[in-house]
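See below for the structure under consideration.
The values are calculated or read from the model by the stated rules, or taken from the named source; none is laboratory data. A quick note: this is a predicted structure, and the numbers were derived from the prediction, not measured. Counting neighbours? That spans all protein chains shown, and the Cβs are built from the backbone with ideal geometry, glycine included.
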Amino acid sequence: WYAVSAPVLTPWIDSLRVYAYPGNETSRAIFITGYYEPNEFFLLDQVMRPGMIFVDAGANMGLYTLFASRKVGDKGTVLAIEPSTRECDRLLKNVQANSLSNVRLLRMAVSDASSDADLSVAADEWSGHNTLGAFAYDTPLATKETVRTERLDDIVLREGLSRVDVIKLDVEGGELHALQGAANILERFRPMILLELADRALSHQGCSSAQIWDFFRQGGYRIYA
């Protein structure tokens, strides 16, 4: 791994291939071990079926997008949403490297309103820390970008999706705003939601995990950890 000086196309699960980038922590996990968040992928392997519609909000370089694309097959759809130009480019290259025709890629962020926002883009090693708020840790800033935010309700309507079966949500502290912008989807389609929460990140965007638990309970969702 320490000899890697340029992006290298790396074999992964389900005959997928992923570009690994020097110094990037997610790439390191894939290159060295072949695993990334194995519990989460095991869960999805049990619930994903051909024909499903999967939304990957905060898709980053696209590991969940690629995996879901294989699981839902030609009759399914994966909607990958990623605001960072750097990560969006990498996601697109990974989709192209695997010739995936059921993936739709949108460069934007999900929130509770349509607007422009500042995205803090982390140094490449910590690319998973990109956020619309402030970094939860002492992460070096690479750049800032102005990105478009939209409600997931509006995105799904505009994309003409007949339903949503599973949502993976990892938006570094913006989860409550994203969920509020998806209220109609949650009420109408009752998708399973896989999300990561950290109060350190949430607090920088004016909310907490307790508020998110309340949001789910009020909507009739059951919570598992």
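The table below gives the values:
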| read-out | value |
| --- | --- |
| Residue among L176, L195, L157, L202 that alone is over 23 Å from E37 (Cβ atoms), of a type in the set (A, V, I, L, M, F, W, C) and either out of contact with any strand residue (DSSP E or B) (no Cβ under 8 Å at 6 or more places or on another chain) or surrounded by fewer than 19 Cβ atoms within 10 Å (Cβ to Cβ) (or both) | L157 |
| Filter pass, F67 being of a type outside the set (G, A, S) and modelled with pLDDT of 95 or more | yes |
| Residues of the range 16-40 classified as surrounded by fewer than 18 Cβ atoms within 10 Å (Cβ to Cβ), in a helix (DSSP H, G or I) and free of Cβ contacts under 8 Å to residues at least 40 places away in the same chain, total | 5 |
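For (1) over 16 Å from the mean Cα position of the chain (by Cα); (2) in contact (Cβ under 8 Å) with a residue 60 or more places away in the chain; (3) under 23 Å from P7 (Cα atoms), each residue gets a yes or a no:
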site	(1), (2), (3)
N94	no, yes, yes
A117	yes, no, no
E125	yes, yes, yes
D153	yes, no, no
K168	no, yes, no
A178	no, yes, no
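Yes/no matrix, rows are residues, columns are (1) buried (at least 22 other Cβ atoms within 10 Å of the Cβ); (2) touching a Lys or Arg at 6+ places or on another chain (Cβ under 8 Å); (3) assigned to a helix (DSSP H, G or I); (4) among the basic types (K, R):
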site	(1), (2), (3), (4)
L66	yes, no, yes, no
K75	no, no, no, yes
V78	yes, yes, no, no
P83	yes, yes, no, no
R90	yes, no, yes, yes
S99	no, no, no, no
A113	no, yes, no, no
G128	no, no, yes, no
A134	no, no, no, no
